[in-house]
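Before any comments, here is the structure.
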Amino acid sequence: MLWNPCRMFSSKVVPPLSFGSMEYQQLFRVIAYNSQYVVFNKAPGVAVQNDDIRVPSHRRQQGLFNLLKEVDPSLRPVHRLDKVVSGGLIMARNKSSAQKFSRNLQKGGNYGYPFIRRYAALVNSKELKYSLNVHFNTETTGVITVPVEDNSNQHETTKFMIPGERHKGRSLILLELLTGKKHQIRRALAREFNSAILNDRLYGAQDCCEGLRGSIALHSSFIRTRIGQTSREHFIPVQYAHELWDGFIDSEGNFSERIQGLLTQFWE
């Protein structure tokens, strides 16, 4: 579904978004919206925040948050995705909702508006080797717990599941963030699983797909929210960089019913 900002957020005429020569449907798609928030499917290579001033001016991009706020100033960021990561991104539609999502990010549990983010990643099957920070609960599920540098009292914590899906030497890993440090999943797989995410050159992976250097095989695939007594689940298809996910998705970017079921249930 192509987002119509005029119909969705405002009765007044709003000029179409632009990003250089790219149309905004190449930057994001709308997955779902309601009175509290919007779920976007962000393309890889699109910055969520404005590029740092240290980036050369001819390559500097305006962040997606700023672009969307030009359409509707009431939109507020809830969380972030790395520039090279694709998939589900929530923006709140009012100040109160933004504060409640933020409260849950800070305190967890049932505080504010609880929400869960689950990711799919591809790694090299042959390189997998687990560190002492990887703790298995079953043969296929566990937790990665890594002390935060310079603070031994804090940890980066990530749940994972290895569903046994393989194709051409690549393995699918499902992950859920329990804390939200920058590059947490990317760093955890590269260091604790000994296998960087496919195409993640920053953490040691080799280029695997020509023309996709701005993309890695990490996708925000599933979001669950709970507002009051209402729980909503959102599956986010892989709508960009299909080549990275060859053998794991169908022609419309959807994972199999089995994988979608695992994303829903995980190991709660």
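Bear in mind that the values in this text are calculations on the coordinates, not laboratory data. Quantities reported herein were computed from a predicted structural model and do not represent experimental measurements. Quick reminder, even Gly has a Cβ in these numbers, built from the backbone with ideal geometry, and neighbours come from all protein chains shown.
What the table below lists for this structure:
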| read-out | value |
| --- | --- |
| Binned Cα-Cα distances of segment 131-252, short to long, each 5 Å bin given as a whole percent | 2, 9, 17, 21, 20, 15, 9, 4, 1, 0 |
| Within segment 113-204, trypsin sites (Lys or Arg not before Pro) in DSSP loop having at most 14 other beta-carbon neighbours inside 10 Å | K129, K168, K182 |
| Percent of beta bridges antiparallel (DSSP, the chain, rounded to nearest 5) | 95 |
| Residue order, fewest to most beta carbons within 10 Å, for D72, D150 | D150, D72 |
| Order of I90, I249 - criterion: other Cβ atoms within 10 Å of each residue's Cβ, fewest first | I249, I90 |
| Separation between Cα centres of segment 196-240 and segment 117-187, rounded to whole Å | 14 |
| Ascending count of other beta-carbon atoms within 10 Å, so fewest first, for V148, V71, V38 | V148, V71, V38 |
| Other-chain or far-sequence residues with amide H under 5 Å of D200's (modelled H) | A205, A217 |
| Helix-derived mean residue ellipticity, 222 nm - over the chain, DSSP H n ≥ 4, -39500 (n - 2.57), to 500 | -4500 deg cm²/dmol |
| Reciprocal of mean inverse Cα separation for segment 177-220 (Kirkwood radius, Å) | 10.9 |
